[in-house]
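One structure is given below, encoded as structure tokens.
The values are calculated or read from the model by the stated rules, or taken from the named source; none is laboratory data. Since the model is a prediction, treat every value here as computed from it, not as a measurement. Don't worry about glycine lacking a Cβ; one is built from the backbone with ideal geometry, like all the others, and counts go over all protein chains shown.
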């Protein structure tokens, strides 16, 4: 439920509405930055009388939000959310470029990759130090030492750091070394972990579960938002279907669909979506053309030596080719993004 306030609403009018909502056992979430000031009501709304709210001085009208997600909804937050990470605007005009290895393996490896990402104009260095693997016998990650290597390399090359947390204890362990916490597909509905991340002040990159619907995806984001952390970045990484020609099926449809209903930025992960290096470039470009706010890809100087996911990791030559392909379409992609951002701004007036 959303309460839209009149332009003439006084501070006392607003406070009276908030006191009524809190008194009924619900939570208040305020949204500004648009022509109208609005108050979102989250929690138990069954005891809140819509007619009573309409009667409060300063209230223009009350809107019922039918979607199960509230804070992630564009109805509550009409303007796009833009998240700043070390000066990089995720959700702004410029598509964000994240790259790095599936797994941090050695200090030399991560420094070599960080140098390459920096020289190619990348914004964020990705790399896993705690790795969820299907087999208990596969490489599980090098651990916290790898996060320290990433931190040092990122500091040297002015790159933000994103790495995956698998359990609540990982949050405190990684806090000083990363700029963005990543939640992998397997943990999209690890609700205790999502709640704990919602209590932090760092952005969260939330990957879509392998069989998750769009609503389930947004409801997982809602768990983080509801705890007070508004810095949520969605990531489409492919869903599990019956196809055998790719690792997963890249759901291109979900990008504009998400943009229609949610203000949260969304990235694409073509490495996990396809599982094949020769498909990474076209899928990246398709995702950006569809409205994605950036991409995250796996790269490795020698994929044949990679401890994990070598078959979907770009070598440096393939990585360079992807960026050259992107550069060819850059002006068109930026024009599309500018038009969409302007449309959102007009709709907020």
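Looking at the stretch 87-184, the helices (runs of 4 or more DSSP H) lying wholly inside it that each contain 1 or more residues that are closer than 29 Å to residue 287 by Cα sit at 107-119, 144-157.
Examine the stretch 238-246 for a residue that is under 29 Å from residue 115 (Cα atoms), surrounded by 22 or more Cβ atoms within 10 Å (Cβ to Cβ) and either in contact with a helix residue (DSSP H, G or I) (Cβ under 8 Å, 6 or more places away or on another chain) or not assigned by TED's automatic domain parsing to the domain that holds residue 207 (or both), and state whether such a residue exists. Scanning the stretch 238-246, I find at least one residue that is under 29 Å from residue 115 (Cα atoms), surrounded by 22 or more Cβ atoms within 10 Å (Cβ to Cβ) and either in contact with a helix residue (DSSP H, G or I) (Cβ under 8 Å, 6 or more places away or on another chain) or not assigned by TED's automatic domain parsing to the domain that holds residue 207 (or both), so the answer is yes.
To keep it simple, each residue is scored yes or no on (1) at pLDDT 95 or above; (2) in the same structural domain as residue 127 (by TED's automatic domain parsing); (3) surrounded by 14 or more Cβ atoms within 10 Å (Cβ to Cβ); (4) in contact with a strand residue (DSSP E or B) (Cβ under 9 Å, 6 or more places away or on another chain).
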site: 309; (1), (2), (3), (4): no, yes, yes, yes
site: 313; (1), (2), (3), (4): yes, yes, yes, yes
site: 316; (1), (2), (3), (4): yes, yes, yes, yes
site: 337; (1), (2), (3), (4): no, yes, yes, no
site: 344; (1), (2), (3), (4): no, yes, yes, no
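Inclusion of residue 114 among residues that are in contact with a strand residue (DSSP E or B) (Cβ under 6 Å, 6 or more places away or on another chain) and surrounded by 13 or more Cβ atoms within 10 Å (Cβ to Cβ) is warranted.
Any residue at all in the stretch 204-215 that is within 22 Å of residue 27 (Cα to Cα), surrounded by fewer than 19 Cβ atoms within 10 Å (Cβ to Cβ), touching a residue at least 60 places away in the same chain (Cβ under 8 Å) and in the same structural domain as residue 312 (by TED's automatic domain parsing)?
Yes - at least one qualifying residue is present in the stretch 204-215.
For the stretch 186-200, filtering for residues that are more than 16 Å from residue 228 (Cβ to Cβ) and either touching a strand residue (DSSP E or B) at 6+ places or on another chain (Cβ under 7 Å) or in a loop (DSSP other than H, G, I, E, B) (or both) leaves 3. Is it true that some residue in the stretch 69-87 is touching a helix residue (DSSP H, G or I) at 6+ places or on another chain (Cβ under 8 Å), buried (at least 21 other Cβ atoms within 10 Å of the Cβ), touching a residue at least 12 places away in the same chain (Cβ under 8 Å) and within 23 Å of residue 317 (Cβ to Cβ)? No. Can you tell which of 91, 58 is buried (at least 18 other Cβ atoms within 10 Å of the Cβ), over 16 Å from residue 151 (Cβ atoms) and assigned by TED's automatic domain parsing to the domain that holds residue 15? So the residue among 91, 58 that is buried (at least 18 other Cβ atoms within 10 Å of the Cβ), over 16 Å from residue 151 (Cβ atoms) and assigned by TED's automatic domain parsing to the domain that holds residue 15 is 58.
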